[in-house]
Amino acid sequence: MEPQNIDNDSFVSPRHFTASCNLPDPASVKIYDSTLRDGEQMPGVAMSPEQKYRIAEELSTLGCHIIDVGFPAVSQTERRSLQLILDGKHRGRIREEMEILVMCRAVIKDIDTTIEAIEQIGFSPRDVTFLLFTSASPLHVKYKLGPSLLRRAGLPESSLEEMPYSFYHEANITMLREAISYARERGVGKIESGGEDASRTPIDLLVDLGKAAVEAGAQRWVFADTTGSLTAESTRFYCEELTRRLPPCERASHFHNDFGLATANVIVGVMNGLPIFSTTVNGIGERAGNAALHSVVASLKYLYGLEIPGFRYDRLCHVKEVVEEISGIPVAAQEPVVGHNAFSHESGIHTHGVSISRKIYEPIPYEEVGGTPRFIYGKHSGLNSIYNLLLQHADDIGVEVSRDLALQVLQQVKEIRESVAEQDHTAVAIRSFYDNLSHLGLAEGDVINLARRCAATRKELVVAV
């Protein structure tokens with residue numbers, strides 16, 4: 001059977017079940033990438049300004065609509081990263097329409113510091129979008145923000161437990177309103193707002209916070225699942241309520257992946273009023289990471305038929321490799337879409353199937369995402385895969401290729417693979433991987449040793465004085 005004779009009528013397409021889903025106009029869907037900020041917050045990851053700029057160019061070419069570059073106020077290197085990216089945009093190396101977003105807490109001092117940092121590198125606050133964020137859930141508002149909210153009100157921190165929660169809620173809303181109004185007065189052109197731990201916040205409290213932000217001048221509200229705790233059911237509930245109850249504004253999602261549900265939840269959000277979604281390349285980020293760009297866009301395209309205009313799906317595997325090299329964090333071999341094994345086969349049943357048509361076992365055409373098809377030969381290989389391989393290289397082998405020869409080779413392949421399994425190579429490789437991972441950052445002992453050296457230097461200075 002020739003592959004070209006196999007058409008889509010030979011199997012039930014996933015789109016048969018998703019065709020009636022409430023999908024938005026593809027032109028309204030926006031990819032909001034957080035690789036440079038949330039991705040870099042993955043333990044052990046650190047990127048230089050030049051590396052961040054390289055990733056920003058890749059994201060621009062890929063077709064992302066918004067990139068979050070983090071906190072320019074916190075360090076000179078962060079300001080340098082933003083400067084390179086804005087310069088690149090000015091020079092046409094980064095798409096003019098790609099939105100550059102910076103973050104700061106919803107605090108007047110932070111806004112001033114961030115604006116000063118932007119002006120210091122020769123740009124205006126109108127050149128970027130400001131994300132002014134606060135806390136949302138009672139857990140975060142009372143115990144993270146509570147002491148500062150009490151100080152703002154002139155109250156002692158010792159009254160943390162005795163004050164009713166309504167005080168903290170109203171004080172947080174007041175602080176957010178003031179911050180947004182102040183940013184507008186300082187010349188910030190576009191403002192996004194959101195609250196940490198929104199997915200564990202009672203909906204009425206969350207709507208209060210979102211309404212206050214939009215009424216104060218925020219043009220976009222981002223719904224954050226900070227702990228990756230959403231399910232499809234809770235995602236639908238929150239997205240429907242926010243869409244129904246917030247004043248008109250852009251709405252975005254920012255979902256973490258602690259239970260492995262981020263991709264599914266992003267898609268539920270897209271279908272329920274949040275067409276802007278945050279992702280990171282390779283899903284890197286804090287703890288278990290964020291919604292993975294490759295997984296979300298491929299699922300939308302191949303399972304739901306929603307293809308994002310202008311997006312370069314064929315560069316997904318290339319961008320994956322760039323971020324692997326820069327971050328030092330490889331994706332798992334079995335990672336969907338971009339993993340090393342996503343288009344690899346060893347089992348005889350599978351290799352036989354894909355030799356007839358890749359569609360028999362692969363739901364995604366590898367060339368459309370820049371993948372590499374591979375046959376791996378080992379314990380589970382079948383006679384046909386070995387025989388076909390030998391036929392392709394008959395001239396190199398130097399003898400007539402027969403099935404008997406293929407069977408002999410197959411037996412040796414299996415024996416070699418099983419003998420390797422009995423050795424310690426795999427365990428050594430795994431230990432090496434985790435050892436390298438642990439050395440991406442500094443261990444506790446390293447920090448203590450640094451502290452000892454600093455303390456010794458301080459003593460020497462005191463003695464010298």
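The values are calculated or read from the model by the stated rules, or taken from the named source; none is laboratory data. Bear in mind that the values here come from a model prediction, so they are computed numbers and not experimental data. Here the Cβ is made from the backbone with ideal geometry for all residues, glycine too, and neighbour counts use every protein chain on show.
Some points to look at:
- Identity of the residue in the range 215-226, among the hydrophobic types (A, V, I, L, M, F, W, C) and either at pLDDT below 95 or more than 14 Å from Gly273 (Cβ to Cβ) (or both), that ends up surrounded by the most Cβ atoms within 10 Å (Cβ to Cβ): Ala218
- Test: residue in the range 300-311 that is crowded, with 20+ Cβ neighbours inside 10 Å, at pLDDT 95 or above, of a type outside the set (Asp, Glu) and within 12 Å of the chain's Cα centre (by Cα): no
- Only one of Val102, Val69, Val107 that is within 25 Å of Ser253 (Cβ to Cβ), more than 24 Å from the chain's Cα centre (by Cα) and not hydroxyl-bearing (Ser, Thr, Tyr): Val107
- Scanning the range 140-172 for residues being farther than 23 Å from Gly217 by Cα, small (Gly, Ala, Ser) and assigned to a helix (DSSP H, G or I) gives a total of 5.
- Search result, residues across the range 173-202 that are loosely packed, with under 15 Cβ neighbours inside 10 Å and not in a helix (DSSP H, G or I): Arg186, Gly187, Gly189, Pro202
- For the range 273-286, a residue qualifies if it is surrounded by fewer than 23 Cβ atoms within 10 Å (Cβ to Cβ) and closer than 16 Å to Ser199 by Cα, and exactly one does: Gly273.
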